[in-house]
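The values are calculated or read from the model by the stated rules, or taken from the named source; none is laboratory data. No experiment lies behind these values; they were computed from the predicted model shown. Note that we place each Cβ from the backbone using ideal geometry, even for glycine, and neighbour counts take in every protein chain shown.
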Amino acid sequence: MTSRLKLLALATTPALLLAAVPAAYAAVPQSHTARAAVAGDVVSGLGTQAHRTGSVSANNRISVAVSLAPRSDKALDTFVAQVTDPHSAQYGHYLTKAQFTARFGRSDAEVAQVKDYLRSQGLTVGTVHSGNLLIDASGTAAQLEKAFGTKLSTYKDAKTGRSFYANDSAPTLPSAIASIVSDISGLNNHAQLTHAPVAKAASPHNGPNGGYTPAQLKGGYNVPSSYTGSGQKVALLEFDGFQQSNISTYDSHYGLGSPAPTVQQVDGGSGALGDGQVEVELDIEVINAIAPKANVTVFEGPNTDAGEVDTYQAIVDSGIPTTSSSWGAAESQRTTSNINAVDAVFKQGAAEGLGFYAASGDDGSDDAGDGGTSVDYPASDPYVTGVGGTKLTVTSSNAWSKETAWSDGGGGKSSVFKIPSWQTPVQQSQGGGYRQVPDVSAEADPTPGVSIYSQGTWEPVGGTSAAAPEWAGFAALYNQQAAAKGKANLGFANPTLYAAGGTGFHDITSGSNGAYKAAKGWDFTTGWGSYNASTLAAKLLGS
């Protein structure tokens, strides 16, 4: 099943009065103001892989998210490296939101300058998010074209036949503010973020219609019964909705006693329930299976690039320490500036002690489906823990028996990010000096899959969409233990996980995902492998 793009539905907002236009911009005609382009903010292949079909209606209202480059980006990189390095004296001394803004956000004066310009072009300015690095705005297509010096056209993708809109050329801004703007999300709706869970026929396991039960998952990964995620919070990034009745049926059947998830809608939410509902219910139920007492917040946003940036930013604004995301797209299917914008949100989260776990994809080593090797984003982001897939086998007493690489689990090398320092000790020759994916892995093979209840029926479901929340559940368990010992949350986990040197993992040495084979130690199919919750937590806590 495939999750389809939810088009952003926007309410009409009255146009601003001319008197409200800031004098600094109203006094100088736009044509007389020096402008500069926002680099990398154009969908690739326009005119070759997609043909133009017309113009976006001038009165169409569109929301955008204007990303600002962090102040002293290199200093931010250095800080995150120190605060997430278990060997550093700064380890775990995360920043508050106010501290992050003061050190790395743009100044209030700079934010005001950008807001004044947007208003001068007739746009409605919305939220300025924590960190002073993201500003929401909306306007008509005609207003956006004028504000950003580009044309919005409709296109049809030659390969998929899907229609979308996009800016014909890189957006431009007055030079006075262009230097601090890194991306304008929302000028296209080309990207389709997917990761539909993979469902199969009933398998011979203990779920009502097959699939691993919570007891089998926790037994297979050696989750201590004394830790349930109590007092912990987990966020889920979603582009569809769910029905609480399905979650309640699952929890009741397995006697989990989990608190009902709460919902936070971003930019109006995801719209009516669609075929991504199974994804959302899978994510919630897997968290409940691993960490049944954790409090889950489902962040529902529109499936657009602006919706993605805003939804991740809303999670960072919330301060929830652990997030699972099962939605992504191949790096090549995104604009460079959009990747940079989302990466900046993850970097802010890392500085503030937040950890993100993202599914690595369900298309093996060819995430883009073009016959080559490619990886999924955001799993490939250097500030995200990319989670690959395995096939888990447990004994009759629910203990771990064996594990192999799942043939469709995403993995390989990034084409965007250079290899981060914490990953260089396991650098592979095939990686060519680029970020390697995945970092870790967990049960994803739909046979057996995990037992879930969705849309009124029991079914076994797999995919790295199941593996990502399995790891987020572990992070919640770890944070519970860390809190009991007076230690910091796990936060951005990769430097700590790599420093463990394989201790606490099930090292998976058989299977492949197409171009890559599992091997001893870290590999492109399963990363370090799956977790042994008791031994890995003990290792990371230093006990």
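Of all residues in region 482-501, those that are surrounded by fewer than 21 Cβ atoms within 10 Å (Cβ to Cβ) and touching a Phe, Trp or Tyr at 6+ places or on another chain (Cβ under 6 Å) total 0.
Tell me yes or no: at least one residue of region 67-83 is at pLDDT 95 or above, touching a Gly at 6+ places or on another chain (Cβ under 6 Å) and not aromatic (Phe, Trp, Tyr). Within region 67-83 (the criterion being at pLDDT 95 or above, touching a Gly at 6+ places or on another chain (Cβ under 6 Å) and not aromatic (Phe, Trp, Tyr)), the answer is no, since none of the residues qualifies.
Residue by residue, here is whether (1) in the same structural domain as Gln243 (by TED's automatic domain parsing); (2) more than 16 Å from Pro224 (Cα to Cα); (3) out of contact with any Pro (no Cβ under 7 Å at 6 or more places or on another chain); (4) among the hydrophobic types (A, V, I, L, M, F, W, C) holds:
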site	(1), (2), (3), (4)
Gly463	yes, yes, no, no
Tyr478	yes, no, yes, no
Gln481	yes, no, yes, no
Gly502	yes, yes, yes, no
Phe505	yes, no, yes, yes
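The set of residues in region 24-43 that are over 20 Å from Ile135 (Cβ atoms) and at pLDDT below 90 comprises Ala27, Val28, Pro29, Ser31, His32. As for region 190-212, it holds at least one residue that is touching a helix residue (DSSP H, G or I) at 6+ places or on another chain (Cβ under 8 Å) and modelled with pLDDT of 95 or more. Within region 452-503, the set of residues being touching a strand residue (DSSP E or B) at 6+ places or on another chain (Cβ under 6 Å) and among the hydroxyl-bearing types (Ser, Thr, Tyr) comprises Thr464, Ser465.
Select from region 228-248 the residues that are among the charged types (D, E, K, R) and either surrounded by 19 or more Cβ atoms within 10 Å (Cβ to Cβ) or touching a Ser or Thr at 6+ places or on another chain (Cβ under 6 Å) (or both) and list them in ascending order. Within region 228-248, Glu238, Asp240 meet the criteria.
Only one of the numbered conditions (1) of a type outside the set (S, T, N, Q); (2) at pLDDT 95 or above; (3) in contact with a Phe, Trp or Tyr (Cβ under 7 Å, 6 or more places away or on another chain) is violated by Ala137, and that is (3).
Between Asp275, Asp283, Asp267, the distinction of being in a loop (DSSP other than H, G, I, E, B), charged (D, E, K, R) and in contact with a helix residue (DSSP H, G or I) (Cβ under 6 Å, 6 or more places away or on another chain) belongs to Asp267 only. Against the numbered list (1) surrounded by fewer than 18 Cβ atoms within 10 Å (Cβ to Cβ); (2) under 18 Å from Glu470 (Cα atoms), Asp251 comes up short only at (1).
Residues in region 362-377 that are over 16 Å from Gly511 (Cα atoms), out of contact with any helix residue (DSSP H, G or I) (no Cβ under 6 Å at 6 or more places or on another chain) and assigned to a loop (DSSP other than H, G, I, E, B): how many? Here the count works out to 7. Taken over region 519-543, residues that are buried (at least 23 other Cβ atoms within 10 Å of the Cβ) and either part of a loop (DSSP other than H, G, I, E, B) or not hydroxyl-bearing (Ser, Thr, Tyr) (or both) amount to 10. If you filter region 340-380 down to residues that are among the acidic types (Asp, Glu) and surrounded by fewer than 24 Cβ atoms within 10 Å (Cβ to Cβ), you find that the one that is nearest to Ala235 (Cα to Cα) is Glu352.
If you go through region 47-90 and keep only what is farther than 26 Å from Ala493 by Cα and not in a loop (DSSP other than H, G, I, E, B), you end up with Ala50, His51, Arg52, Thr53, Gly54, Ser55, Arg61, Ile62, Ser63, Val64, Ala65, Val66. Within region 451-484, count every residue that is over 17 Å from the mean Cα position of the chain (by Cα) and either without any contact (Cβ under 8 Å) to a residue 24 or more places away in the chain or closer than 18 Å to Thr496 by Cβ (or both). Counting residues in region 451-484 that are over 17 Å from the mean Cα position of the chain (by Cα) and either without any contact (Cβ under 8 Å) to a residue 24 or more places away in the chain or closer than 18 Å to Thr496 by Cβ (or both) gives 10. In the set Val234, Val181, which member is in the same structural domain as Thr395 (by TED's automatic domain parsing) and not aromatic (Phe, Trp, Tyr)? Answer to the selection: Val234. Considering only residues that are modelled with pLDDT under 95 and in a helix (DSSP H, G or I), look in region 319-339 and name the one that is surrounded by the most Cβ atoms within 10 Å (Cβ to Cβ). Within region 319-339, the match that is surrounded by the most Cβ atoms within 10 Å (Cβ to Cβ) is Asn338. Return the residues of region 60-84 that are touching a Pro at 6+ places or on another chain (Cβ under 9 Å) and surrounded by fewer than 17 Cβ atoms within 10 Å (Cβ to Cβ); say none if nothing qualifies. Hit for region 60-84 is Ala81, nothing else. Considering only residues in region 260-279 that are over 25 Å from Asn188 (Cα atoms) and not small (Gly, Ala, Ser), the one that is surrounded by the most Cβ atoms within 10 Å (Cβ to Cβ) turns out to be Val278. Residues in region 431-484 that are more than 20 Å from Ser326 (Cα to Cα) and of a type in the set (Val, Ile, Thr): Thr457 alone.
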